[in-house]
Amino acid sequence: MIRLESISKQNGKQIVFIEASAAIQRGEKVGLVGPNGAGKTTLFRLITGEEQPDEGQVSVDKGVRIGYFSQDVGEMAGRSALAETMDGVGPVSALAAEMAELEAAMGDPGQADRMDEIVERYGEVQHKFDELDGYALEGRAREVLGGLGFSDAMMAGDVGNLSGGWKMRVQLARILLARPDAMLLDEPSNHLDLESLIWLENFLKNFDGALLMTSHDREFMNRIVSKIVEIDAGALTSYSGDYEFYRQQRAQADAQLQAQFERQQAMLAKEIAFIERFKARASHAAQVQSRVKKLDKIDKVEPPKRQQTVRFEFQPAPRSGEDVATLKGVRKAYGDRTIYDGLDFQVRRRERWAVMGVNGAGKSTLLKLAAGASQPDDGTVARGPSVKMGYFAQHAMELLDGEKNVLEWLEDAFPLAGQAPLRALAGCFGFTGDEVEKKCRVLSGGEKARLVMARLLFDPPNFLVLDEPTNHLDIATKQMLIEALSKYEGAMLFVSHDRHFLAALSNRVLELTGEGLRAYGGGYLEYVESTGREAPGLRS
C-alpha cells in the first residue's frame, strides 16, 4: 500500500535516512518510534509528497486516500467547529454551509421579495445533501467531536475562539470523520483528556484502514499497534508486535550485538598483540603477514548505537509535617458557575493523590486552590508550616525570560549550583550539547514545559502539585521522570491523562463527581479494578 524503497534524505547537514526501506500494508496499524530529531515528521512528509527523497522512491498505491494529522494547525475561524470538521469530507460540507445560509435568508424579512427563489434553491441543495447522506454525516461528525470532548455549545461556536489544543482536536476530528484509506497521525494523543484518549483508542482499534502513528503515550500505542517501525541512525527497522514487544526485542538485539562486539574486540586484541610481538622476527614473518591480511578482511562489528538515557536523581526533600494541605468548607465559583461548595479535603505526608474527573469537573481548580495559586470565595485552605510548595501548571511557562538561554535561566534560579550539575539537569530533560544555548523565546511549547519542570525538581519541594506534567515529554523522558518521582518521599497532588504515569505513581485517587468527592484507597490500578472503568466519564 505504502512503500519506501532505499530512500536517502539529508536536511542541511543532518543525514536523516540512508538507503532506508519499509512498507505499510492494507489494514496494518504501525507505531513509528525514534529519538527526537530522528526524522519521524520527515517520514510523514515524504509519504504525503510534501517532501521528496534525495535518493530512492516513495510509492503509494493508486487511489489510496491519505489523511495526515500534524501538530501544525492552520488558520481556523469564521465557522463552527462542526462545519470545520465536516469540511474535511468534501462537497457535503459546502452543501451544509449553503443550506445554513439559505435558512438564515428565509428568516430575513429584508429578502422577502426573493423568497420563492431562496426556497427553490434550498430544495435543490437539500436534495443533493440528502443524496450524499449528509444528515448521517452530520450525526457522525457530532459523534466524533463528542468523543473528543466537545459539548454541543462548543460544536456550534466559532472555531476561531478555541484554544490551540481544541483546534488540534478539530483537525483530528476532520481526519477521523473522512475515514481515509490510510491515516498518518503525529502525536494524536497530545492535548486529550483521559476520556477522549480512551475514546480515540477504541476508534482507531476499530478503524479498518492502515495507520501509521507516533505517540509519547506507551499504553495508548500498546493497545493499538501490531507493528513498530523504528528510525535509528538513518535506518528503518520493522518489528512485529506492540511497543512493549519492540522494547524487549530491541533490548535483546542490543545485548546480542554488544556481546558480538566484545567477542570481536577480544579476538582483535589477541591478534594485534601477536602481530606486535612477532612483527620484528623473520621466523614469524609469514604468520604475521597472514594475520594482518586476515584482520584487513574482517567486517568490523559496531557496538549498538542507542540513545543515552540520563537518570535524574532527586536531592532529598525536607520533611514536612503529617498535615500537608487542608481544605475546609471551600466554595469556589467562576461567574454564575459554582465549581465547589463546602469542599473538604486533606493531603497528608507521602500521599500521592491522582485527581480524576470529566472536563469541567474542577481538577485544575482544586490544584490551584491547594497550591495557593487561586483563593477560595469562602472557607479555608491551609498548608503545614514546614511545607515547601512546588507547583507545575501550563501557565508557568510564561515565567520564562525570553532573552535568557536555557543554561542562564537555570543559573539565575540556582546561582550557587555550578554549571556541571545544571548542564546534567538540562540533559535529563532533553537539552543536550549546544541546546542549552537556545534562547527561551525560541523554545517550543514542549521545550518550555520541560525546562520549567527541570527547575521545579532540581531543588525539590516536599509538596508537588502537578497539572498534566507529562504533556510534551517523550517516552524516555517520561520514564525518567516516573523513576525519579517513584523515589520521592514528599506528598503529591496531580492530574494526568497518561495511564502509565497514573499507575506508577498514585497511591490514592480522588474522583470529582457531580455529587461531590469520592476518595479511593490504593492507586490508579486499584481504582480501575474497583470501578470497572479507566476514567470517570466512561461507563463501567
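Charging the Cβ of each Asp and Glu at -1 and of each Lys and Arg at +1, and nothing else, the dipole of the chain about its Cα centre rounds to 3220 debye. Look at the dipole of the chain built from charges on Cβ: of Leu425, Ala210, Gln287, the Cα furthest out on the positive end belongs to Gln287. Per residue, the average separation of C-alpha pairs within less than 8 Å and at least 6 apart gives the chain a relative contact order of 14 percent.
For the chain, what proportion of DSSP beta bridges, expressed in % and rounded to the nearest 5, is antiparallel? Don't skip to the answer; put the middle values down first.
On the way: 40 of 72 bridges.
In the chain, approximately 55 percent of DSSP beta bridges are antiparallel ones.
Listed by chain and number, the lysines whose C-alpha is less than 26 Å from the C-alpha of Lys227, apart from same-chain residues fewer than 8 away, are Lys9, Lys29, Lys40, Lys62, Lys205, Lys305, Lys478.
Seen from all directions on average, the stretch 31-115 presents a Cα convex hull projection of 9.4 nm².
Count Lys and Arg as plus one, Asp and Glu as minus one, and take only other residues whose Cβ is under 15 Å from that of Glu411; the net charge is then -1. Based on the convex hull around the alpha carbon atoms, the stretch 445-540 presents an average projected area of 6.9 nm².
In whole Å, what three semi-axes, largest first, describe the equivalent ellipsoid of the stretch 80-178 built from its Cα gyration tensor (square root of 5 times each eigenvalue)? Provide the component values of the computation, followed by the final result.
Working: eigenvalues 152, 50, 17 Å².
Equivalent ellipsoid semi-axes, largest first: 28, 16, 9 Å.
Packing, as the average of other Cβ atoms within 10 Å across residues, places the peptides 86-94, 56-64 in the order 86-94, 56-64, highest first. Given the alternatives (1) 188; (2) 216; (3) 136, volume of the Cα convex hull per residue in Å³ as computed for this entry is given by (2). Counted over all Cα-Cα pairs of the stretch 208-258, pairs farther apart than 13 Å make up 63 percent. Between the residues Val381, Pro415, Leu399, the greatest Cα displacement towards the positive end of the dipole of the stretch 366-420, with unit charges on the Cβ of Lys, Arg, Asp and Glu, is found for Val381.
For Asp116, the shell of other residues with beta-carbons less than 15 Å away shows a net charge of -3, using +1 for Lys and Arg and -1 for Asp and Glu.
The numbers here are math on the coordinates, done by the rules we state, and not lab data. Note that the coordinates shown come from a computational prediction; the quantities given were computed from them, not determined experimentally. Here the Cβ is made from the backbone with ideal geometry for all residues, glycine too, and neighbour counts use every protein chain on show.
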